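This report refers to the structure that appears directly beneath it.
The values are calculated or read from the model by the stated rules, or taken from the named source; none is laboratory data. If you're wondering where the values come from, they're calculated on a predicted model, not measured in any experiment. Quick reminder, even Gly has a Cβ in these numbers, built from the backbone with ideal geometry, and neighbours come from all protein chains shown. In case anyone asks, the SASA skips ligands and DNA or RNA and just uses the protein heavy atoms, side chains included. Shrake-Rupley method; radii C 1.70, N 1.55, O 1.52, S 1.80 Å.
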Amino acid sequence: SYALFLSVSVALGEAHAQTLDQGNMTPIVGNEVVYRYCSYQDPGPSGAGQTWDFSTAVTAETHSVLFTTPGSTPNGGDFPGATYATEYDAPSDIYGYVEVNAAGGFGLGSDLGVFGNTHFSDTKQDLKFPLSFGDSWSDTFFGDLVSIGSTGTVEGTISGEADGYGTLILPWGTIANVLRVHLQTTTLQTVLTPPPGGT
């Protein structure tokens, strides 16, 4: 999820006429994106021609995402539909797998190394293409998970809306022609077999 959200944030400055599509939202393999967490900021109003001022945001944590090919990852073969993989805070061996096509960006699952993995048999649509101001979508997803020796399922819903466009002011500068995408995800994880020694 983070990878797609971050790629939205990075590519928005290049999204002409506030429209996202496969051409401007497919990450370039080898690129690394640095992102920063800050304390909660009110997102501001939706609508056309907005100015969102986050110039006073203070970084609490800094992380990175490296875009790579699924075949270059240890278990990329387990996600045959993936068009790219993301590695968080490389080198970490923590990967997400995503398919980007003309209909949108779809989460296929993740490989968290010794901590487990998730495989979505019903993929999670993190973005709809093309996506312009006023467009929305919703999707359901389902998959299996393994987490530190326990097994289970993960399921939920995701909805999104391009609810505004305008100018984004950040501590390091101003970006014009930004499309804001509001996402809401509800996830339920069910443990079917507990980890060794657990209940």
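What's the percent breakdown of Cα-Cα distances in the chain across 5 Å bins, shortest bin first?
Here the calculated profile for the chain is 1, 7, 14, 18, 19, 17, 12, 7, 3, 1, 0, 0.
Taking only protein heavy atoms into account and a 1.4 Å probe, give the accessible area per residue of segment 15-167 in Å².
That works out to 48 Å² per residue.
Hey, rough spin-label estimate for residue 89 and residue 169, points 7 angstrom out along Cα→Cβ, what's it come to in nanometres?
Between residue 89 and residue 169, the label points sit 3.3 nm apart.
Note down the net charge around residue 80, summing +1 for each Lys or Arg and -1 for each Asp or Glu among other residues with Cβ under 14 Å from its Cβ.
Cβ neighbours under 14 Å give a net charge of -3.
By per-residue mean of other Cβ atoms within 10 Å, what is the highest-first order of 53-66, 92-105, 128-141? Please list the in-between numbers first.
Details: 53-66: 13.1, 92-105: 19.9, 128-141: 16.8.
In descending order of packing, they fall as 92-105, 128-141, 53-66.
In nm, give the distance between the simple-model label positions of residue 54 and residue 177, each being 7 Å from the Cα along the Cα-to-Cβ direction.
2.1 nm
Within segment 177-199, list the residues whose amide N lies under 19 Å from a label point set 7 Å along Cα→Cβ of residue 153.
186-195
Stretch residue 184-residue 19 to full length: gain in nm at 0.36 nm per residue minus the Cα-Cα span?
Full extension of this stretch gives 57.4 nm more.
Amide H neighbours of residue 85 under 5 Å, at least 5 residues apart or on other chains, H built in the peptide plane: list them.
68, 69
Net charge near residue 66: determine it from the other residues with C-beta under 12 Å of the C-beta of residue 66, scoring Lys and Arg +1 and Asp and Glu -1.
Values: positive: none; negative: 32, 87, 89, 93.
It works out to a net charge of -4.
Using only Cα atoms, find the angle between the long axis of helix 2-11 and the longest principal axis of the chain, and express it within 0 to 90 degrees, rounded to the nearest 10.
20 degrees
So how compact is segment 106-199: Cα radius of gyration and Dmax in angstrom?
Cα radius of gyration and Dmax of segment 106-199 are 17.8, 54 Å respectively.
Carbon-plus-sulfur fraction of the accessible area of the chain, 1.4 Å probe, in percent?
After summing per-atom areas, the C and S share lands at 56 percent.
With a point put 7 Å past each Cα toward its Cβ, work out how far residue 61 is from residue 191 in nm, to one decimal.
A separation of 2.2 nm, rounded to one decimal place.
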